[in-house]
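Below is one structure, written out as structure tokens, with a few remarks after it.
The values are calculated or read from the model by the stated rules, or taken from the named source; none is laboratory data. Keep in mind it's a predicted model, so treat the numbers as computed, not measured. With ideal geometry, Cβ positions are generated from the backbone for all residues, glycine too; neighbour counts draw on all protein chains shown.
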Number of protein chains: 2
Amino acid sequence: MKNLNRVHLNGLRALEAAGRLGSLQRAADELGVSPGAVSQQIIKTERQLGTTVLERTPRGFEPTQSGRLLLARLFAGFRELDTAVEAAAGQTETTLTISVAPLFASKWLVPRLSRFRKLHPDIRVRLEATTELADPDRSDIDLALRIGTGNWPRVRVEFLLPQEVFPVCAPELAAQLSTPADLARLPIVRDTNSNLSWDQWLRPFGLSETMLAAGDTFTDAGLCLEAAIAGQGVMLAWQTLALDAIRSGLLVAPFRERIRSEFGYFLITSATRREAKKVSQFREWLKSEIAASEEGMETAIK
Amino acid sequence: MKNLNRVHLNGLRALEAAGRLGSLQRAADELGVSPGAVSQQIIKTERQLGTTVLERTPRGFEPTQSGRLLLARLFAGFRELDTAVEAAAGQTETTLTISVAPLFASKWLVPRLSRFRKLHPDIRVRLEATTELADPDRSDIDLALRIGTGNWPRVRVEFLLPQEVFPVCAPELAAQLSTPADLARLPIVRDTNSNLSWDQWLRPFGLSETMLAAGDTFTDAGLCLEAAIAGQGVMLAWQTLALDAIRSGLLVAPFRERIRSEFGYFLITSATRREAKKVSQFREWLKSEIAASEEGMETAIK
DNA sequence: TTCTTCATATAGTTTTTCTATATCGCGGGG
DNA sequence: CCCCGCGATATAGAAAAACTATATGAAGAA
């Protein structure tokens with residue numbers, strides 16, 4: 001791209017516009033400057049190129065023989081840039097990019113997204129499912145949905161709902177559970193990566209994790225959920241993970257009690273960027289969806 | 001092209017270079033500025049686009065998902081511009097554009113050009129054969145060769161050789177001519193557009209145009225020449241027009257006497273532009289060619 | 001730790017670009 | 001014929017942008 005160093009890009013654009021439109025005035029209108037500015041740019045650029053591109057006629061100018069080829073190429077190049085910018089800028093208006101943990105995406109967000117699409121058909125959602133928290137100031141994401149304590153620096157953090165944990169299991173196993181103490185008789189499926197502990201839930205009942213049986217362990221809560229559905233044991237789950245499985249009857253929550261973990265769900269947006277309309281629209285939808293979800297939770301657990 | 005108004009072209013270029021090269025330092029090298037300048041351009045452009053194109057990583061940055069498409073398009077666009085500039089600038093160095101009258105081109109210049117090509121194989125000659133004098137400051141021509149009095153404003157004018165007129169005719173007719181007075185017995189072919197007059201040539205012999213016979217007239221000296229070669233009459237010709245025909249025996253000049261017309265051959269170049277090497281090379285070749293031509297004239301006439 | 005390597009923030013300067021005028025050349029209309 | 005208007009260009013001053021040279025900060029390497 002070194003050849004572009006010998007000319008000024010704005011001069012090339014002035015040249016192209018003038019050559020295409022055939023008049024300084026029209027070129028100036030397109031570029032949003034005065035005709036004099038265009039004239040200066042053209043003269044300078046022709047000097048930089050070492051050739052005359054526009055032959056001056058009494059009533060204006062028209063391209064020289066050798067200039068035609070250059071102008072055609074300039075046109076092609078600038079058109080390419082123009083559509084690139086148009087697409088990029090258009091995308092920022094119509095595409096909502098959300099960073100979200102894969103499990104939350106698949107178990108809760110994605111099944112509900114079709115309703116958002118119906119509500120805002122002009123917004124295209126792009127999910128970026130990653131385990132690390134993306135910085136909305138330093139990436140192209142418009143917002144992130146994350147579980148955590150809410151202490152993230154340099155971003156705008158908005159609390160959505162607390163994470164509440166409770167045991168779930170397949171219906172067949174649930175029949176054997178009438179009190180929390182019965183949990184000791186059943187295998188437990190555990191997520192080794194989780195930082196939730198059974199103690200939190202058991203303590204109010206005067207129980208502790210040491211009384212629980214061993215069971216399969218997995219490195220991913222999603223796998224745990226599959227195992228629980230398959231009847232391999234009881235799992236300590238939380239709302240967004242288990243709700244849909246409970247509703248469809250694949251799982252049951254044998255006990256009403258839900259305990260708040262130290263974590264919560266948060267909506268993360270840029271602290272510096274002005275909030276786009278698409279973001280506030282999504283937030284609104286998200287909150288209503290969460291409310292509906294919580295309501296559904298109450299009735300699902302009975 | 002209106003979309004390009006919302007961003008700065010140089011910013012797009014900085015973005016493209018940084019995205020392609022993966023580092024501010026390398027981008028800065030390509031653009032010929034400091035890394036800080038590139039950083040500023042990128043930040044500003046991303047703000048203008050409303051999206052993050054380059055995701056900052058601990059060791060630099062790399063394109064975001066949505067940025068890749070933009071970068072690819074920017075690359076295509078700038079590459080187009082780059083090759084356009086390269087071709088245009090390269091052409092100015094290697095292509096010599098000459099404006100010349102069609103008749104002079106076909107009867108004198110073109111038959112000799114192959115020797116120039118042999119002498120300077122790297123220069124491509126482009127002849128623009130037009131009847132109007134092109135302005136070397138306002139068109140893409142590097143030089144013009146014109147017949148005239150030498151009074152052209154705002155250009156650099158260099159005298160090459162005087163136009164000298166003399167009668168020519170087919171060999172069969174020449175046999176009937178031993179003195180200028182014999183011309184009265186033969187038909188004369190005339191160019192109605194010419195401003196040369198037989199009187200100029202006849203006066204030294206005490207003769208005048210009134211004594212000449214009528215004959216065919218044409219609107220173009222080239223057609224006259226063809227008529228003379230075909231034996232339709234005697235023509236008042238000049239060196240560059242008739243030399244090659246005389247040498248090849250198609251025509252003869254029955255009299256040694258040549259009379260200078262009021263016109264001459266001139267080399268016209270820009271008065272303001274610095275002279276390119278290719279131009280001086282052409283001038284040098286042209287002068288040697290003219291000298292050889294004049295010498296050939298002497299021997300051809302005998 | 002400390003060093004190095006990046007990117008970014010900041011301040012001030014330099015350069016460019018722009019606007020607003022005046023000028024010039026040409027052609028059409030009175 | 002002269003004058004007017006149109007369109008391009010020159011010029012001067014003002015405005016804006018870009019650049020350099022720093023400092024800062026964050027993260028990996030020694």
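Miscellaneous remarks
- Residue among B:Gly67, B:Gly22, B:Gly50 that is near DNA strand C (Cβ under 9 Å from one of its atoms), at pLDDT below 90 and not hydroxyl-bearing (Ser, Thr, Tyr): B:Gly22
- Whichever residue in the stretch B:75-102 is in contact (Cβ under 8 Å) with a residue 12 or more places away in the chain and over 30 Å from B:Arg117 (Cα atoms) and, among such residues, is nearest to the other protein chains (Cβ to nearest Cβ): B:Phe78
- The single residue among A:Leu9, A:Leu15, A:Leu74 that is modelled with pLDDT of 90 or more, crowded, with 16+ Cβ neighbours inside 10 Å, near DNA strand D (Cβ under 10 Å from one of its atoms) and within 42 Å of the chain's Cα centre (by Cα) turns out to be A:Leu9.
- Selection over the stretch B:103-121 of residues that are touching a residue at least 40 places away in the same chain (Cβ under 8 Å) and more than 16 Å from B:Ser248 (Cβ to Cβ) gives a count of 6.
- Output for the stretch B:1-22, where each listed residue is part of a helix (DSSP H, G or I) and either charged (D, E, K, R) or within 8 Å of chain A (Cβ to nearest Cβ) (or both): B:Lys2, B:Asn3, B:Leu4, B:Asn5, B:Arg6, B:Leu9, B:Asn10, B:Leu12, B:Arg13, B:Glu16, B:Ala17, B:Arg20
- Within the stretch A:24-74, the set of residues being more than 27 Å from B:Asp142 (Cβ to Cβ) and more than 11 Å from chain B (Cβ to nearest Cβ) comprises A:Gln25, A:Arg26, A:Ala28, A:Ser34, A:Pro35, A:Gly36, A:Ala37.
- Of all residue pairs spaced 6 or more apart or on separate chains, those with beta-carbon atoms under 7 Å, a first member in the stretch B:11-40 that is at positive phi and a second member that is within 12 Å of DNA strand D (Cβ to nearest atom) and outside any loop (DSSP other than H, G, I, E, B) are B:Gly22/B:Gly60; B:Gly32/A:Asn5.
- Residue match in the stretch B:43-53 (condition: aliphatic (A, V, I, L, M) and in contact (Cβ under 8 Å) with a residue 40 or more places away in the chain): yes
- The requirement of being under 28 Å from B:Phe116 (Cβ atoms), over 30 Å from the mean Cα position of the chain (by Cα) and of a type in the set (Gly, Ala, Ser) is not satisfied by B:Ala292.
- Scan of the stretch B:198-222 for residues that are aliphatic (A, V, I, L, M) and either more than 21 Å from B:Arg260 (Cβ to Cβ) or exposed (fewer than 15 other Cβ atoms within 10 Å of the Cβ) (or both), ordered by number: B:Met211, B:Ala213, B:Ala214
- Helices (runs of 4 or more DSSP H) contained entirely in the stretch A:203-302, each with at least 2 residues that are β-branched (Val, Ile, Thr): A:239-247, A:277-301
- Whenever a residue of the stretch A:133-155 is more than 20 Å from A:Leu109 (Cα to Cα) and facing chain B (nearest Cβ under 8 Å), its partners that are within 12 Å of DNA strand D (Cβ to nearest atom) and in a strand (DSSP E or B), lying with C-beta atoms within less than 7 angstrom and at least six residues away or across chains, give the pairs A:Arg138/B:Arg56.
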